[in-house]
Every structure is written in structure tokens, then in C-alpha cells.
Amino acid sequence: MEDQIVAFFIITATAIIYSALSLYITRTLGNRKRVKEIQEEMNRISSGLKKADGTEAKRKEAEKEQGRIPGLMSESMILQFKPLVVILPIFAVVSYLVKTFFPYFQIKLGFSIPTFPYYWMLLRFNLDSFPNWRDEFGTFGWFILCLVFSGIFIQLITDAFEKRRKGK
């Protein structure tokens with residue numbers, strides 16, 4: 001019983017630390033401000049093409065601007081996926097370590113939550129029981145559950161601090 005409590009706290013703390021680390025990596029490697037600028041510029045370009053149906057010169061200028069969109073999309077995708085190069089290998093190592101150190105951990109919640117089947121379960125996918133409601137989780141399931149909820153919580157807290165800082 002005591003081993004289960006220790007495992008509970010270590011798995012939960014590991015998920016919280018990983019969530020904070022992945023948010024930090026995402027904010028340092030991915031430039032959210034530049035991604036937002038790119039999205040605004042692409043919206044401006046596409047609205048310019050809609051407005052340019054008056055004269056031939058305006059339409060040609062708008063089509064020339066339209067040619068910049070693939071480059072902007074490429075830059076945006078690179079900025080959004082760059083953090084994954086670091087985050088995914090760390091996730092693989094951390095989840096492997098958690099499963100290795102606590103192979104027999106089981107937790108039973110007092111309530112059921114909806115879960116989605118793993119990719120291999122999609123082969124036997126049954127819409128009658130979708131989503132699956134579960135109240136019992138092993139090591140990896142509990143780690144993922146803690147990861148999701150701690151990630152949401154940390155994101156909400158950091159966004160609130162940023163709004164407060166910008167307001168002052």
C-alpha cells in the first residue's frame with residue numbers, strides 16, 4: 001500500500017514537471033508571436049485578393065502577394081513543430097522510465113472518465129461504447145491523465161499571469 005502511495009506521488013509529480021518543461025520548451029523554441037503575425041499576414045493577403053477584383057493591376061498585385069503564402073505557411077509550420085523535436089524524445093524516455101519503475105501501479109478513481117481507445121484499439125472500434133468510460137488506470141494511463149490535466153492547469157495559470165502583466 002505504501003509503495004502505491006509513493007508511486008502515485010512520483011508519477012503525478014513527474015507529469016507535472018514534464019508539463020511545465022514542455023510548456024517552457026514550446027515557448028522558447030516556438031515563436032508564438034511570429035506565428036500570430038504570419039496568420040494575420042496570410043489573412044490580409046487572402047482578403048486583399050477578394051477586394052482586388054476591380055482592376056487588372058490590383059488583381060495582379062494581389063496574385064503576386066498570394067504567391068508568398070506557401071513560404072509563410074512553411075515558416076509557420078516549422079515554428080510550430082520545432083519544439084516537438086525536443087519534447088517527443090523526452091516524452092518517450094520519461095514515459096518509459098515511469099512504466100519501468102512502477103510496472104504494477106494501479107489506481108481506481110471514485111468516478112469514471114471518458115477515455116479514447118489506443119490506436120491499436122481503433123481496429124476493433126465500436127461506436128456503441130464510444131467513448132470508453134473507465135475508472136481504473138495503470139502506470140501509463142495515470143501518467144497521461146496527470147499530464148493532460150496538469151498541462152491545462154499550467155497553461156491557464158501562465159496565460160493569466162501574462163494577461164495580468166500586460167494589463168499593468
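Of note:
- Answer residue from region 32-58, given it is at pLDDT 80 or above and within 21 Å of V85 (Cβ to Cβ) and is least open to solvent (accessible area, probe 1.4 Å) among those: I38
- Region 94-112 residues that are farther than 13 Å from T12 by Cα and of a type in the set (G, A, S), paired with ones that are open to solvent by 100 Å² or more (accessible area, probe 1.4 Å) and at pLDDT below 95 (beta carbon under 7 Å, 6 or more apart): S112/W133
- Residue that is modelled with the lowest pLDDT [pool: residues in region 99-151 that are among the small types (G, A, S) and surrounded by 10 or more Cβ atoms within 10 Å (Cβ to Cβ)]: S112
- Whenever a residue of region 78-92 is over 10 Å from S22 (Cβ atoms) and open to solvent by less than 90 Å² (accessible area, probe 1.4 Å), its partners that are basic (K, R) and assigned to a helix (DSSP H, G or I), lying with C-beta atoms within less than 7 angstrom and at least six residues away or across chains, give the pairs L79/R34.
- Checked against the criterion of being of a type in the set (K, R) and not in a helix (DSSP H, G or I), region 37-60 has no qualifying residue.
The values are calculated or read from the model by the stated rules, or taken from the named source; none is laboratory data. Note that the structure is a prediction, hence the values are computed from the model and not measured. Don't worry about glycine lacking a Cβ; one is built from the backbone with ideal geometry, like all the others, and counts go over all protein chains shown. Each accessible area value is taken on the protein alone, full model and side chains, heavy atoms only, with ligands, DNA and RNA left out. Shrake-Rupley method; radii C 1.70, N 1.55, O 1.52, S 1.80 Å.
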